[in-house]
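Presented below is the structure to which this report refers.
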Amino acid sequence: MSFAAMPALMLAVAAGAPERYADVLEAYRAGAATAVERVGQVPEKAIRDEIRRVQRLRWRALSVACLDCSEKRLFAAYPVAAAAVLHTARGLREDRAGRGAEGILHFGFARDWLSMGEPELDPLFVEWYAALATHLFHRVELDTAERTLKDATRQFPEAARLWLAYGVAAEMRAHLTAEPDHVFSSDRQYRDERRQFEADRQAACRDAEARYRRALDLDPALVEARLRLGQVLARQDRMEDALRELDQAAASTDDPRALYLAHLLAGRAEERRERPGAALLRYREATAALESGEAGWVALAHALARAGDRDGAAAAIARVVQGDPGPGLDPYRAYHHGGRGDDVDPLRALEAWIR
């Protein structure tokens, strides 16, 4: 619906804010590529005033006295979703350009708009939290991601994908915690630091495990949560439990990327169990599932070399050097950045709500 097609009272509400903001909103809904740039030129005060104005409109629309009043119709017609996604797009642009304060400002505007749309916009709100988490993972802003997702899971405790993202934040924290090195020293401070590093890593793994289990309680078919659960169990040296989860993940999907990760992670678990033959079979299954997965070929080459098959190892490495890397990142590499490597733009799912 364009602004011209809205009821006359709707125009009056929009006209209360600077016309430029109303024009930018309409342009964004119509798909104008310049709208994200233009909203950055709208005065902050004008945006805040409009948010407060629509909040008051919402309060009147939800009042007992407003059974069939004009405010209810006006609020129902207001482009709340478009405003939220527009500011999200601007926030992502600002943050990626290194203007973190401006990015936070626009993410805050987006959250203010989404807070007015419940419950109709709850699915979009969940999608928004997931998109923001993906962005924060890519920037390795784990403290911000943890705080954001803690709020998200409190607000939407039944949203499995948010518990999955919350688990990813903890798992990334475990991955980035310094591993104890292999230097030996009798220095007490050195030994205390090593113990603390390991304690921090194990605590992060336990947090991730609990969050992945919560996600799977809510949605047992969430393959990524099961894959990641298997990996954090392996990081806790619970190999049999890890393999059980990874096998279940592989059995429940036909997604080549998920199959590749399941077999690759299972191969690593088998190596840690000192079962090189089983690991070799897993790596063969990983490369069969996704021929462009470079980490799979490297792991296979290593396993073949350990088995004494130098020619096979050389052929596997040749696949890495000469093969087609395929689109996106290797899923194993993307895994450690909180993604799948399929180059999905987190904004795309949000924009589907307004196009």
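The values are calculated or read from the model by the stated rules, or taken from the named source; none is laboratory data. Just so it is clear, the model here is predicted, and its values are computed rather than measured. Cβ sites come from the backbone with ideal geometry, for glycine too, and all protein chains shown count toward neighbours.
Numerical summary
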{"item": "Set A204, A199, A208: member being at pLDDT below 95 and in contact with a helix residue (DSSP H, G or I) (Cβ under 8 Å, 6 or more places away or on another chain)", "result": "A204"}
{"item": "Flag if V140 is of a type in the set (V, I, T), outside any loop (DSSP other than H, G, I, E, B) and within 18 Å of the chain's Cα centre (by Cα)", "result": "no"}
{"item": "Cross-chain or 6+ apart pairs with Cβ under 9 Å, region 330-352 first and at positive phi, then modelled with pLDDT under 85", "result": "G341/P327; G341/G328; G341/L329; D343/P327; D343/G328; D343/L329"}
{"item": "Hits in region 89-136 - residues which are part of a helix (DSSP H, G or I), in contact (Cβ under 8 Å) with a residue 40 or more places away in the chain, under 19 Å from A160 (Cα atoms) and not β-branched (V, I, T)", "result": "L124, E127, W128, A130, A131, L132, A133, H135"}
{"item": "Hits in region 317-355 - residues which are within 22 Å of R96 (Cα to Cα), modelled with pLDDT under 80 and acidic (D, E)", "result": "D342, D343, D345"}
{"item": "Subset of region 14-40 that is at pLDDT below 90 and touching a Phe, Trp or Tyr at 6+ places or on another chain (Cβ under 7 Å) - its residue that is farthest from D95 (Cα to Cα)", "result": "A14"}
{"item": "Matching residues, region 47-89, being loosely packed, with under 14 Cβ neighbours inside 10 Å and aliphatic (A, V, I, L, M)", "result": "L62, V64, A65, L67, A76"}
